Amino acid sequence: MSKTKLSIISAAVAFLTLGQAQATPLIDFTADNSSFTWYGNDSGCSLGCTLGYSFNVTSTVTIDGLGILDVGADGLNNTHQVGLWNGSGTLIASTTVGPGSSNAEASASGAGDFVYSNISDLTLVSGDYTVGALYQIGDTDPVVFNASGIFSNDANVTYGDLQWINTGSFQEPTNSGSSNDRYFGPGIHIASQVPEPGILALLGLGLIGFKIAKQRKH
């Protein structure tokens, strides 16, 4: 195989690899420091809580799923409503996640898997957002309430603070808590990227050029 052909094939593989970026949770954490298992009917959530966290976006990022951390990766016991609110308090996306959900990926913490339900691709513009999930009375799905090493898998997104509300209904969690608490809780799925039109055009021109060069040699 000629060096020219090998270079073009290598470039094609690189372009296609860029277009198939790994799917990851938008925000994750590295350690679970919870000293006990917290459920939706524990102290502080006598009515049932919608809990989650806030985050900030500085440049556009596209998401395609909302989910729940399945602590222990042993399957969810209950169905949860999960939602995303913008800085004005408007619900811009919502879904439900529960037993049987199979779209999962492991948390970097080893505490469990984020289990997702798909939503229509949603591009988040610059601004503040809050994600929350409802844990009702009698809920037996554990929550990581003291996460540390929180990080974003997108450089344009920064974690804010934990959010909660104790009303027993699904609504934006507007209360911030102790700096020692970090709820997971809900998760957000980054949409898989596709090749940019310009990249595809360059790849096509390169392959056409190779074909022309090959024909001239014969």
**OP:** List, in order, the whole-Hz ³J(HN,Hα) value for each residue of region 65-78 obtained from phi through the Karplus relation with A = 6.51, B = -1.76, C = 1.60 and θ = phi - 60°; use x for Gly and Pro.
**Re:** x, 10, x, 9, 6, 7, 4, x, 6, 10, x, 6, 9, 10
Original post:
Under the classification rounded if a/c is under 1.5, otherwise prolate if a/b is larger than b/c and oblate if not, where does region 26-116 fall, given a ≥ b ≥ c as square roots of the Cα gyration tensor eigenvalues?
Top reply: rounded
Original post:
Which order do Ser120, Ser176 fall in if you start with the one that has the fewest other Cβ atoms within 10 Å?
Top reply: Ser120, Ser176
Original post:
Under a 5 Å amide H to amide H cut-off, with H placed in plane at 1.01 Å, what residues pair with Ser109 once short-range neighbours are removed?
Top reply: Phe29
Subject >> Charge sum, other residues only, whose C-beta stays under 13 Å from Asn103's C-beta, Lys/Arg counted +1 and Asp/Glu -1 >> reply: -4
Original post:
Once amide H atoms are placed 1.01 Å from N in the peptide plane, what residues at a sequence separation of 5 or more from Val144, or on another chain, have their amide H within under 5 Å of its amide H?
Top reply: Phe184, Gly185
**OP:** For a footprinting-style exposure proxy, rank Val143, Val125 by other Cβ within 10 Å, fewest first.
**Re:** Val125, Val143
Original post:
How many angstrom separate the Cα center of region 53-85 from the Cα center of region 91-122?
Top reply: 6
**OP:** Taking H placed 1.01 Å from N in the peptide plane, check which residues at least 5 places from Tyr53 or on another chain put their amide H under 5 Å from its amide H.
**Re:** Val131, Gln163
Original post:
Hey, got the Cα dimensions of region 22-192 along the principal axes, in Å, largest first?
Top reply: 38, 31, 28
Original post:
How large is ³J(HN,Hα), in whole Hz, for each residue of region 118-125 in order, when computed from phi with the Karplus curve 6.51 cos²θ - 1.76 cosθ + 1.60 and θ = phi - 60°, using x for Gly and Pro?
Top reply: 6, 10, 4, 3, 10, 8, 8, 8
**OP:** Would you order Asp141, Asp128 from fewest to most other beta-carbon atoms within 10 Å of each residue's own beta-carbon?
**Re:** Asp128, Asp141
Original post:
Near Ala147, within a Cβ-to-Cβ distance under 10 Å, what is the net charge of the other residues, with Lys and Arg +1 and Asp and Glu -1?
Top reply: -2
Original post:
In square nanometres, what is one fourth of the surface area of the convex hull spanned by the alpha carbons of region 141-182?
Top reply: 4.1
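All of the numbers you see were taken from the coordinates with simple rules; none came from a lab. Bear in mind that the values here come from a model prediction, so they are computed numbers and not experimental data. So basically every Cβ, Gly included, is an ideal-geometry build from the backbone, and we count neighbours across all protein chains shown.
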